[in-house]
Amino acid sequence: MATQPILSSQLLNQFGKDYVNVLVYLLKNNTVPSRAGLPAYPKVASGRLINTIDYRLKETAQGIQFQLLAESYLEYVDKGRKPGTYPPISAIRNWARIKGLPKGAEYGIQKNIYKFGIKPTNVLRRAQLRIETFRQYQTNYEKGVVDAIVRTIKKDVEAGDKGFISISIT
């Protein structure tokens, strides 16, 4: 009797592509207003963040692991920043330059972030929820899992396995 993982690398690759596409879309089309009550604006300045977003599948003893790859500051875009700490002035300076703000504006921005923080976008969770709730994605993944189960059962039957067919979801 064979034990086969249901989530194939092909299915996980499709998930990875979908997740990256949805995440980039959400960053480009942000709908979360700022803490200061200003309207929402895209979370794209130079494009460096969205250009680095990718994924990798890593084989482990427990199965295939999905890993999201991106610039480290995706964490601050996702989780925001609590008041009481200064962000690096070099990062603010670069952002202000890209946005076309006058020299020296970075100090006021840095102080404002220290005082008020940055509201989280929860973009990682929102990307996951979009994939979980949009019917087009559900249909793709349901079909992939059903196909994998059928293939596993067929292999076991063709191999002459008797008794229970064991399928693991990893």
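Each peptide among 116-127, 69-80 gets the average number of other Cβ atoms lying within 10 Å of its residues, and from highest to lowest they stand as 116-127, 69-80.
Would you mind telling me the share, in percent, of accessible area of the stretch 47-144 contributed by carbon and sulfur at probe 1.4 angstrom? After summing per-atom areas, the C and S share lands at 53 percent. Each Lys or Arg adds one and each Asp or Glu subtracts one; over the other residues with Cβ under 13 Å from the Cβ of Lys99, this totals +3. For the peptides 139-146, 57-64, the ranking by packing is 139-146, 57-64, with the highest mean count of neighbouring Cβ atoms within 10 Å listed first.
The values are calculated or read from the model by the stated rules, or taken from the named source; none is laboratory data. Not measured: the values here are computed from a predicted model. Cβ coordinates were reconstructed from backbone atoms using ideal geometry, including for glycine residues, and neighbour counts include every protein chain displayed. SASA here: full protein model, heavy atoms, side chains in, ligands and nucleic acids out. Shrake-Rupley method; radii C 1.70, N 1.55, O 1.52, S 1.80 Å.
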